[in-house]
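Chemist: This structure is in structure tokens; I'll ask about it shortly.
Where a number appears in this text, it was derived from the coordinates with a stated rule and is not lab data. Since we're looking at a predicted model, the values are computed, not measured. All Cβ positions, even for glycine, are placed from backbone atoms using ideal geometry, and neighbour counts span all protein chains on display.
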Amino acid sequence: MNNIIQKLLSFAILLGSVFIVNLGFATQDNAEYVQPYLVVGDNQYILRAVTNLPKCPTVQWDAQKAEEMKVRVAGAKIPLRKKSDVIESDFPVLTCEMVWPKDAKEGKVNNQVFKRPASEIKKIIVIGDTGCRLKGAENFYQDCNDQSKWPFAEVMTNAAAKNPDLVIHVGDLHYRESPCPDNLPGCKGSPWGYGYDTWKADFFVPAKPLLEKAAWVFVRGNHETCSRAGQGWHRFIDTHSWDEKRSCNDHSNDVIGDYSEPFSVPLGKSAQFIVFDSAKNANKKITEKDESFLIYVNQFKTIEKIALNKKFNIFGSHHPLNIVLPSKKKDSESEYQLYPTGFTNILAGLNGEELLKSPINFTIHGHNHIFEAITYDINRPAEIVTGNSGSSLEEINNVEIKLSDVQKKLLKIKEFSSYQDFGFGTLERQDEMGEKWLFTEFDVNGKALLKCDVSDRTVICK
Ligand SMILES: [Fe+2]
């Protein structure tokens with residue numbers, strides 16, 4: 001009898017705890033929510049807010065009267081883009097925005113004060129590839145519920161503590177594309193698909209400490225194409241004015257929504273960061289037959305013109321121009337190879353082995369979930385890859401990539417460093433003009449691991 005009572009009691013406790021957990025989720029989802037953030041676009045700062053309230057919040061610019069932010073796009077449940085899609089994207093939130101007035105020093109939204117970014121940018125946080133990877137097609141499920149396995153929130157807290165002027169995210173914000181199987185406690189309960197609940201879990205909640213600290217420059221990744229998380233990209237992140245045709249909501253307009261014009265972000269008198277949207281880049285060589293070929297050729301020509309405006313240019317694209325990885329061919333003469341991306345041959349066609357003409361001095365990327373710093377033995381911009389800020393790491397069987405002198409010679413590399421665990425970087429200006437920078441690579445706790453001097457076409461790490 002006692003045994004039956006005990007079993008009944010434990011069943012009641014179990015029921016109760018399930019109820020409390022569900023209640024917890026319900027309360028959280030229904031709670032009033034206003035998340036302000038500041039994005040950097042082409043020659044403008046845009047204050048944004050995502051909210052589940054019926055009205056946009058107000059902004060108070062300096063001591064002026066508060067004014068209501070404009071609705072960028074109202075909440076909506078978007079019908080399936082294609083019959084083969086499995087889940088509708090539900091966005092039960094308003095995206096609100098207001099362009100930063102030229103003379104305003106600060107903007108206050110929901111008691112959160114944002115300062116106008118300094119005209120001379122001195123410290124930049126650099127992160128990439130941050131979401132929690134749930135991908136049924138590859139039977140890959142990252143433990144989103146375990147901070148040691150998906151450390152993005154920790155990275156954000158420790159990056160915010162560095163007090164940056166600016167944040168650069170090199171793309172791939174959204175990773176939860178498939179439901180977590182019931183038997184996996186590591187990701188149990190995770191939202192999935194391309195709607196707001198997933199954007200909230202993969203980005204807005206963990207990024208909150210840094211979203212409220214500095215202005216963000218976003219570089220679009222392949223996870224943000226129209227056929228993946230493009231709808232959220234255009235609602236929340238893209239800095240062009242809202243355009244239903246670019247929204248990725250209607251599949252027949254993808255050729256518009258999948259691309260955006262390059263633009264630059266001034267870092268001071270002589271330096272700038274050039275943003276290139278390579279979302280539609282394929283890992284295989286892009287040829288003239290591909291839709292993106294001409295679009296990218298024209299954009300690279302625009303980028304060359306933009307670069308002429310400043311002496312020191314940092315080019316940012318999600319996909320690295322080249323990445324060092326262990327050779328996929330077993331009979332290769334080198335243990336490692338320098339792998340190009342789809343658009344590298346377009347650049348080679350335009351500029352030969354230099355890839356990006358001077359005055360483009362340095363490039364920053366993500367996509368590969370690793371940190372690498374490469375200086376070439378030929379005239380070509382030096383490169384940093386920093387795609388290790390949260391999503392599951394590059395699978396290279398725990399081999400530490402170290403290039404011998406012979407391998408460096410084979411790959412035309414002069415200097416090379418890598419770090420194969422989670423982390424983030426800071427890029428700090430070292431001179432008045434912004435032609436010398438220090439890139440520091442940190443572990444998730446914010447401990448400095450590598451210090452890399454960046455100057456014209458050179459990055460040397462110690
Ligand atoms: Fe990527």
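Chemist: Sorting Met98, Met433 on the 10 Å Cβ count, fewest up front, what's the list?
Modeler: Details: Met98 22, Met433 15.
The order, fewest Cβ neighbours first, is Met433, Met98.
Chemist: Does anyone have the angle between helix 2-30 and the longest principal axis of the chain? Alpha-carbon axes, 0 to 90°, nearest 10?
Modeler: For 2-30 against the chain, the angle is about 50 degrees.
Chemist: Can I ask one more? Using a 10 Å cut-off around each Cβ, can you sort His365, His234, His240 from fewest to most neighbouring Cβ atoms?
Modeler: Details: His365 28, His234 24, His240 12.
With the fewest neighbours first, His365, His234, His240 line up as His240, His234, His365.
Chemist: Assuming R0 = 22 Å, what is the FRET efficiency of Gln430 and Asn43, from their Cβ-Cβ distance, to the nearest 0.05?
Modeler: Working: r = 26 Å, r/R0 = 1.18.
Efficiency computed from Cβ-Cβ geometry: 0.25.
Chemist: I'd like the antiparallel share, as a percent to the nearest 5, of DSSP beta bridges with both residues in the chain. Write out the running numbers ahead of the final one.
Modeler: On the way: 71 of 95 bridges.
Counting DSSP beta bridges with both partners in the chain, the antiparallel share is about 75 percent.
Chemist: Considering just Cα atoms, how many Å³ per residue does the convex hull of the chain enclose? Walk me through the numbers on the way to the answer.
Modeler: Details: hull volume 80.5 nm³, N = 462.
Convex hull volume per residue, Cα atoms: 174 Å³.
Chemist: Related question: Helix-derived [θ] at 222 nm for the chain: sum -39500 (n - 2.57) over DSSP H runs of at least 4, divide by residue count, nearest 500?
Modeler: On the way: 8 runs with 85 residues, N = 462.
Only helices count here, giving -5500 deg cm²/dmol.
Chemist: Take peptides 163-172, 74-83 and line them up by average Cβ neighbours within 10 Å, highest first, as a rough protection proxy.
Modeler: In descending order of packing, they fall as 163-172, 74-83.
Chemist: Another question about this same structure. Full extension from Lys284 to Lys115: what is 0.36 nm times the residue separation minus their Cα-Cα distance, to one decimal in nm? Display every interim value, and only then the final one.
Modeler: Values: separation 169, 0.36 × 169 = 60.84 nm, distance 4.26 nm.
Length gained between Lys284 and Lys115: 56.6 nm.
Chemist: Using amide H atoms built 1.01 Å from N in the peptide plane, name the residues 5+ places from His367, or on other chains, whose amide H lies under 5 Å from its own.
Modeler: Asp129
Chemist: Where Rh denotes the Kirkwood radius from the mean inverse Cα pair distance, what is Rg over Rh for segment 341-462?
Modeler: Numbers: Rg = 14.6 Å, Rh = 15.2 Å.
Rounded to two decimals, Rg/Rh equals 0.96.
Chemist: Next question. Please compute the net charge surrounding Ser227, taking Lys and Arg as +1 and Asp and Glu as -1 over other residues with Cβ under 12 Å from its Cβ.
Modeler: Numbers: positive: Arg81, Lys82, Arg228, Lys280; negative: Asp85, Glu177, Glu224, Asp254, Asp258.
Result for the neighbourhood of Ser227: -1.
Chemist: Continuing with the same structure: Once both labels are modelled 7 Å past Cα along the beta-carbon direction, what's the Asp377-Glu335 spacing in nm?
Modeler: In this crude label model, Asp377 to Glu335 measures out at 1.7 nm.
Chemist: Hey, got the Cα dimensions of segment 57-108 along the principal axes, in Å, largest first?
Modeler: 52, 17, 12
Chemist: What are the equivalent ellipsoid semi-axes of segment 43-158, built from the alpha-carbon gyration tensor (square roots of five times its eigenvalues), in whole angstrom, biggest first?
Modeler: Values: eigenvalues 217, 106, 33 Å².
Semi-axis lengths for segment 43-158 are 33, 23, 13 Å.
Chemist: Which aspartates and glutamates, if any, have their Cα less than 15 Å from the Cα of Lys412, not counting same-chain residues under 8 positions apart?
Modeler: Candidates past the 8-residue exclusion: Glu333, Glu335, Glu353, Glu354, Asp377, Glu383.
Chemist: Beyond a 21 Å Cα-Cα separation, which of these cross-linked pairs lie in this structure: Lys280/Lys451; Lys162/Lys451; Lys284/Lys329; Lys328/Lys402?
Modeler: On the way: Lys280/Lys451 33 Å; Lys162/Lys451 15 Å; Lys284/Lys329 16 Å; Lys328/Lys402 16 Å.
Over 21 Å Cα-Cα: Lys280/Lys451.
Chemist: For Cα pairs less than 8 Å apart in space and 6+ apart in sequence, what is the mean separation divided by the residue count of the chain, i.e. the relative contact order in percent?
Modeler: The value is 14 percent.
Chemist: Still on this structure: For segment 285-420, divide the Cα radius of gyration by the Kirkwood radius and give the resulting Rg/Rh value with two decimals.
Modeler: On the way: Rg = 15.3 Å, Rh = 15.8 Å.
Ratio of gyration radius to Kirkwood radius: 0.97.
Chemist: Largest first and in whole Å, give the semi-axes of segment 205-338's equivalent ellipsoid, each being the square root of 5 times a Cα gyration tensor eigenvalue.
Modeler: On the way: eigenvalues 138, 95, 66 Å².
Square roots of five times the eigenvalues give 26, 22, 18 Å.
Chemist: Another one. Give the order of Asp258, Asp243, Asp405 when sorted by the count of other beta carbons within 10 angstrom, beginning with the fewest.
Modeler: On the way: Asp258 21, Asp243 13, Asp405 7.
Going from sparsest to densest Cβ surroundings: Asp405, Asp243, Asp258.
Chemist: While we're looking at this one, here's another question. Calculate the length of the line joining the C-alpha centroid of segment 32-64 to that of segment 295-331, in whole Å.
Modeler: Here the answer is 32 Å between Cα centres.
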